[in-house]
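Data block below; observations after.
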Amino acid sequence: MRAKDSLGSDAKANYGDGLLRGGLKIAHLKMIGALDETGQISAAAAAMHISQPAASRMLAEMETILGVSLCNRLPRGMELTPYGAAFARRARTILLELREVDREISDLQFGRGGSVSFGSVTAPAVNLAVPAIAKIRKTYPAININIQVETSTILARELLASRLDFIIARIPDDLNPRLFNSRVIGIEKACLLVRKGHPLLNRKKLTLIDTVDYDWVFQPEGSLLRRTIEAVFIARGTPLPDRIVNTSSTFLTMVMVAQTNAIAAMATDVASFLVAKEGLAGALEILPTDFELNVQPYSLITARNRELSPAAQLIYMMVLEEVS
């Protein structure tokens with residue numbers, strides 16, 4: 001069968017149907033690559049360590065499966081048709097990916113490495129990501145792990161840009177949820193954090209109105225934790241604080257709370273670590289309240305139609321184990 005000079009619609013349909021029907025083998029991919037490199041059936045056969053008749057049969061198989069001619073026979077050698085050139089280009093990409101998979105799995109099997117980049121909002125970064133990383137290090141010490149702690153809005157965009165393998169966050173309201181695969185794994189609780197010896201710690205019955213006259217350290221406007229705090233004030237008919245410092249920095253929040261009478265809302269898991277013996281014991285305390293701060297549940301999120309690498313899958317599953 002001789003290919004036409006241009007890719008007609010019928011030929012394109014046959015080419016696509018052939019790939020969808022299957023039947024192509026790894027050997028076929030290697031053969032088209034060898035033909036592209038050598039321009040001769042005999043040289044391609046030698047590169048494949050098979051006989052020339054076997055190489056010819058393999059070429060005929062590919063053309064039958066795809067429904068198009070892949071090569072034009074010339075007086076000396078052959079050249080790929082436009083179909084053959086397109087197939088060869090795709091075949092090289094597939095073979096490269098397969099080699100990378102083999103290398104990464106081999107590295108993981110022998111503890112040599114692999115690379116993972118994932119993101120998390122603050123609370124699950126402390127109570128899920130850190131323990132998961134500690135466990136994975138015991139078996140796979142050479143895995144290169146990159147973790148980004150940010151807001152869900154930033155993390156979701158980093159995930160869609162393929163800069164992160166997966167995230168522990170929430171799908172932002174302004175993004176199409178169909179772009180993601182999501183699995184709810186926890187509810188984030190928040191609390192109020194103050195310095196050791198703060199005047200409000202002496203109140204026997206603390207109410208929300210008692211906090212209004214103090215400085216507050218808030219996350220930037222529109223952030224989920226801030227909206228949660230503001231909703232509690234509104235629901236209780238309590239005026240919102242006027243004396244506010246806005247920052248997304250957890251470190252700066254801790255410093256301001258530790259050195260002033262400011263109040264800050266923080267994820268309970270993070271605050272509990274800070275006031276524990278291994279944290280900043282003696283500097284900070286959780287302020288008892290008569291209300292709860294329940295932030296929207298967070299999820300393990302991946303980009304739809306994108307497979308995790310073996311290393312990323314390991315970290316993903318280890319995070320899931322921490323949930324159970």
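List of remarks:
- For the range 248-324, chymotrypsin sites (Phe, Trp or Tyr not before Pro) meeting the loop criterion (DSSP other than H, G, I, E, B) and having at most 16 other Cβ atoms within 10 Å: F291.
- Most mobile listed residue (P53, P141, P172) in the chain, GNM with C-alpha springs under 10 Å: P53
- Per residue, the range 127-192 exposes 53 Å² of accessible surface when a 1.4 Å probe is rolled over the protein heavy atoms with every protein chain present.
- Antiparallel content of DSSP bridges confined to the chain, in %, to 5: 60 percent
- Charge dipole of the range 210-324 about the Cα centre (unit charges at C-beta), most positive-ward option of Y316, S223, A264: Y316
- Normalised Debye scattering of the range 126-182 at q = 0.16, 0.29 Å⁻¹ gives log10 I(q)/I(0) of -0.57, -1.21, counting only Cα atoms as equal scatterers and leaving out solvent.
- All distinct Cα pairs of the range 197-268 go into the 1/r average, and the inverse of that average, the Kirkwood radius, is 12.8 Å.
- Normalising by residue count, the range 240-299 has a Cα convex hull of 126 Å³ per residue.
- Anisotropy class assigned to the range 68-175 is oblate, per the alpha carbon gyration tensor with a/c at or over the 1.5 cut-off and a/b no larger than b/c.
- Portion, in percent, of the accessible area of the range 63-145 that falls on carbon or sulfur, probe 1.4 Å: 55 percent
- If you wrap the range 125-244 in the convex hull of its Cα atoms and look at it from every side, the mean projected area works out to 10.9 nm².
The values are calculated or read from the model by the stated rules, or taken from the named source; none is laboratory data. Here the structure is a predicted model, which is why all the values come from computation and not from measurement. Positions of Cβ are backbone-derived with ideal geometry, glycine not excepted, and every protein chain shown enters the neighbour counts. What goes into the accessible areas is simple: the full protein's heavy atoms, side chains included, and nothing from ligands, DNA or RNA. Shrake-Rupley method; radii C 1.70, N 1.55, O 1.52, S 1.80 Å.
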